[in-house]
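Q: The following block contains the structure, expressed as structure tokens.
The values are calculated or read from the model by the stated rules, or taken from the named source; none is laboratory data. Everything numeric here is computed off the predicted structure, so don't read it as measured data. Glycine also receives a Cβ, built like all others from the backbone with ideal geometry; neighbour counts cover every protein chain displayed. Calculation scope for accessible area: heavy atoms of the full protein, side chains included, ligands and nucleic acids excluded. Shrake-Rupley method; radii C 1.70, N 1.55, O 1.52, S 1.80 Å.
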Amino acid sequence: MKDYYSKYKTEYPWLIKEEGWVRSLLRVRETQLALGNGFLGSRAVLEEIPYDAQPGTYIAGVYDRIGSQVAELVNLPNPFNFKIMIDGERLGVVTMDVVKHRRILNLRHGLLCRHTVFQDRKKRKYDYQTLRFVSMQDKNIGVMQIIFTPLDDEVEASIETGIDTSVYNVRTVNEGRKKHFRVKEVGQFKNEGYLIVETFGKLHTVIFRSGFYYETKGKKILAKDNIFKLKLRKNQTVVFTKIFHVEAVLKGENLDKKKKLSEKKFRKAFQSSFDCLLRRHIRAWEGLWNVAEVSIWGDPEVEKNFRFNIYHMLICGPKDNGSSSIGARALTGEGYRGHIFWDTEIFLLPFYLYTLPDVAKHMLLYRYRRLDAARVIAKKYGFKGAMFPWESAGLGEDETPCWAKDLDGKVIRIHTGEMEHHITADIAYAFYHYYNVTHDEKFLRDYGYEILFETARFWASRVEYNKKRKKYEIKQVVGPDEFHVDVNNNAFTNMMAKWNLVIAYNMFKRLRKLNIKVYRKLVQKIGLASKEVAEWKNIAIRISINMGKGQVIEQFDGYFKKRMVEITDWDENSVPIVSGKLTPRDYDKTQLVKQADVIMLLYLLSDVFSNKTQRQNYAYYIDRTIHKSSLSLPVYARMAIDVGDRSRGYRFFHTALRTDISNINNNTNEGIHAACMGGSWQVLINGFAGVKIQKGILSVNPKMPRMWRKILFSLHWRGNLLRLEVKNNKIKIQLVSPGRKKVKIKVFGVLYRLAGDKPFEFERKKPAKEVQAYYL
């Protein structure tokens, strides 16, 4: 049988394949092969919606909390719905025998192709091929084409399509499955079906419009209804095409105006040919990969897995002026209810910052638009300034649930919303990081200064003065290591608070010196006095951390006195296995660490600590960290590279890289681990390729695995687009879009000033020593 979509399946390094139908992997594949464009996300549910499938259609920023503990990302009606019935037997992987089944996700072009051959109870076979995409060019448009051929007999096929409203949000710890929308309007006219739904909380209305036509024997026929019958001869092929448009309407917006606009935009798309819509979509994807692509010469499987991760980050990057940001599982599933954590700013933002800085700006605007909500939270707890919530959704309120499942499945009380306050400093860190990379002065004036000052205010009110020690302390917190709750002076929290206060103090002085007009306007707006700012510096000087023998940082007060549990066993992914005698409720009595905590501190503030301190703490905490968060391994991989533990660094990277493509944590069905993907990108670019910011200057000093020949990638840096070809001892850099100023770059530790668009080549004066390392 002819493969109608073969031209989209030829670039092996860009293809992710599902070979054969495996029922137990149904929901995992729905996540892995998901489509999206930053506005709309769609799980790769099979068109016939088999039993146990979890259709998922999500719009960035559309949440609802009616019927739930907290707000959840709403699972909306599913447009990729298409069913065929033949003689009372439904075409499908569960209802018929599957002779052949293959799906291919084309990462380069954002296309999902399917080819299945079914056999019914009468042994008649049917060839079924599909191609679908969510347009990267027009974010409101989705397209699906189905090519169907009866191979053994003439048939009368009953067709059913339309927008499927029989979807639910998945069940959670103490809640059953639930629906978060009601149908407001539904209709059919002018060969178009339309559906309007409203979330129960009435904050969001969503308009769906869809059109459907089929072609056979050289004729194109517009379907007048979503349900109809069609007679087909043996080997007669029919091509069905469905085009839909999705429009989100916020509370307060003019619904009638939005309906007319969506009708106009849908009509324009529906009158375009399938090929035209596809070409525009592919061109948009090629533009993204022109900057985002990373090529790893010498390790094709790592390269493909890395592209898989980049693809998933590309399909969730928002550009909606701060209406939304990226949740822990992006737009591919409902894990963590679609909430936004520190993951976004610390693990994901750097990818967008260096490849799609405009997306990074919109992500930060999400936090700024909710600054007033953060002020309300701070006031609620008796603090000043802005205190950002541990889990955020649409409104910027604290959406942390009170109950969740522990590692062993037992339901436990959750305290992170009350105590995991480091997120406030993490967000300040992200705003400063954005400025450091872009030098976007307008963004700093309009948004950045205010965030830095209000977060510093929070920390100045959050600390407590210990007269005996003559130190400021931060008590009753949870650090990144969530095994240990309600601790005092968590090193990560203390140092990030200290950093926040110092940077805010310095930026206040900078603003006053450089732009007195903006300075006066801002201090008047937030009521900030110079005396208050001076106190930030005084407080910062007196915030400290506990340092033990050999420069080992104590994770929190009393940590060194906890019981040491020796780790003696590891799984195939280099992750420690803890004795079954200990339950997760016992971990707080031990030195076992959930994820990088002190090491996270050394990673983010690497310029503050010496290499010796990094080595000593890496050696100490690696024997105590059991990596029960997907955020942990990328951080340890980066630190391993920096301290010279090359073999383990590569193994950690390799495991983190495959978290979702290999379903390592056995929960990819809940959505991709977006932060782990962002962390893996940082390991490769900032670790192996050696791209870092050192005292405000971009530095490149690679430490690549010996089997890799070179890495090719692009980066945005202060208005310039840089193309880099990196080897351990040779580097080529080209300024593709050179600005007027010379670009300062350190290469192999030597400072250069580059200008013009010609390629520059550099060679390490003393070649890096080849060290035998076993990477796997």
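Q: Helix 611-621 versus the longest principal axis of the chain: what angle, 0 to 90°, nearest 10, using Cα atoms?
A: For helix 611-621, the angle is close to 60 degrees.
Q: Okay, moving on. In whole angstrom, how long is each semi-axis of the equivalent ellipsoid of segment 606-760, when you take the square root of 5 times every eigenvalue of its Cα gyration tensor and sort them from largest down?
A: Semi-axis lengths for segment 606-760 are 30, 19, 14 Å.
Q: Roll a 1.4 Å probe over the protein chains and send me the accessible area per residue for segment 357-416 in Å².
A: Result: 45 Å² of accessible area for each residue.
Q: Continuing with the same structure: Going through segment 101-197, which trypsin sites (Lys or Arg not before Pro) have at most 15 other Cβ atoms within 10 Å and a DSSP loop state?
A: Here the sparse-neighbourhood loop sites are 121, 122, 123, 171, 177, 190.
Q: Counting each pair of different Cα atoms once, what's the Kirkwood radius of segment 526-594 in Å, rounded to one decimal?
A: Value: 15.9 Å, from the Cα pair sum.
Q: In nm, what is the difference between 0.36 nm times the number of residues separating residue 10 and residue 97 and their Cα-Cα distance?
A: 28.5 nm
Q: Right, here's the next one. Taking every pair of alpha-carbon atoms in segment 686-736, what share in percent sits in each 10 Å bin, from 0 to the bin with the longest distance?
A: P(r) over segment 686-736, rounded to whole percents: 26, 56, 17, 1.
Q: Using a Förster radius of 22 Å, what is the FRET efficiency between residue 583 and residue 476 based on their Cβ-Cβ separation? Nearest 0.05, please.
A: After rounding to 0.05, the efficiency reads 0.35.
Q: Over all Cα pairs of the chain, how is the pair count split among 10 Å bins, expressed in % and running from 0 up to the last occupied bin?
A: 2, 13, 23, 25, 20, 11, 5, 1, 0, 0
Q: Report the residues of segment 536-550 in range of a label on residue 506: point 7 Å along Cα→C-beta, backbone N strictly under 19 Å from it.
A: Of the residues in segment 536-550, 536-545 have backbone N under 19 Å from the label point off residue 506.
Q: Now, a different point. As a test, work out the antiparallel percent of DSSP beta bridges whose residues both lie in the chain, rounded to the nearest 5.
A: Bridges in the chain are about 95 percent antiparallel.
Q: Can you give the Kirkwood hydrodynamic radius of segment 477-594 from its Cα pairs, in Å with one decimal?
A: 17.6 Å
Q: Between residue 488 and residue 608, how high is the FRET efficiency from 1/(1 + (r/R0)^6) when r is the Cβ-Cβ distance and R₀ = 22 Å? Nearest 0.05.
A: My answer for the efficiency is 0.55.
Q: In nm, give the distance between the simple-model label positions of residue 215 and residue 22, each being 7 Å from the Cα along the Cα-to-Cβ direction.
A: 3.6 nm
Q: Counting only GluC sites (Glu not before Pro) that sit in a DSSP loop (anything but H, G, I, E, B) with at most 14 other Cβ atoms within 10 Å, what is the longest stretch of the chain containing none of them?
A: Counting at most 14 other Cβ atoms within 10 Å as exposed, the longest clean stretch of the chain is 254-565.
Q: Also, quick follow-up: Find out how many positive minus negative residues lie around residue 374, taking Lys and Arg as positive, Asp and Glu as negative, among other residues whose Cβ is under 12 Å from that of residue 374.
A: Around residue 374, the charge tally is +3.
Q: Segment 592-659: D in µm²/s via Stokes-Einstein (Kirkwood Rh, Cα pairs, 25 °C, 0.890 mPa s)?
A: Reported coefficient: 210 µm²/s.
Q: So if R0 is 35 Å, what FRET efficiency would residue 538 and residue 590 give, r being the distance between their Cβ atoms, rounded to the nearest 0.05?
A: My answer for the efficiency is 0.40.
Q: Between residue 3 and residue 442, how many nm apart are label points set 7 Å from Cα along the C-beta direction?
A: 4.8 nm
Q: Which trypsin sites (Lys or Arg not before Pro) in segment 205-295 pass both tests, a DSSP loop state and at most 15 other beta-carbon atoms within 10 Å?
A: Of the trypsin sites (Lys or Arg not before Pro), the ones in loops of segment 205-295 whose Cβ has at most 15 other Cβ atoms within 10 Å are 217, 224, 233, 234, 251.
Q: Further question on the same structure: Starting from the 7 Å offset along Cα-to-Cβ, what nm value, one decimal, do you get for the label separation of residue 736 and residue 407?
A: 4.3 nm
Q: Full-extension gain between residue 156 and residue 173, please, as 0.36 nm times their residue separation minus the C-alpha to C-alpha distance.
A: Value of the extension gain: 1.6 nm.
Q: I'd like the Kirkwood hydrodynamic radius of segment 23-98, using the inverse of the mean 1/r over distinct C-alpha pairs, in Å.
A: 14.0 Å
Q: Would you list, by chain and number, the aspartates and glutamates whose Cα falls below 17 Å from the Cα of residue 732, excluding same-chain residues fewer than 8 positions away?
A: Reachable aspartates and glutamates: 293, 757, 761, 763.
Q: To make sure I understand the rule: partners must be lysines, Cα under 19 Å from the Cα of residue 379, and not fewer than 8 residues away in the same chain. Which ones qualify?
A: By straight Cα distance, residue 379 reaches 475, 525.
Q: Let me ask something else. Once fully extended, how much extra length lies between residue 280 and residue 253, figured as 0.36 nm per residue of separation less the alpha-carbon to alpha-carbon distance?
A: Residue separation times 0.36 nm, minus the Cα-Cα distance, leaves 6.8 nm.
Q: Helix-only mean residue ellipticity at 222 nm, the chain, DSSP H runs n ≥ 4 weighted -39,500 (n - 2.57), per residue, nearest 500. What is it?
A: Calculated mean residue ellipticity at 222 nm is -9000 deg cm²/dmol.
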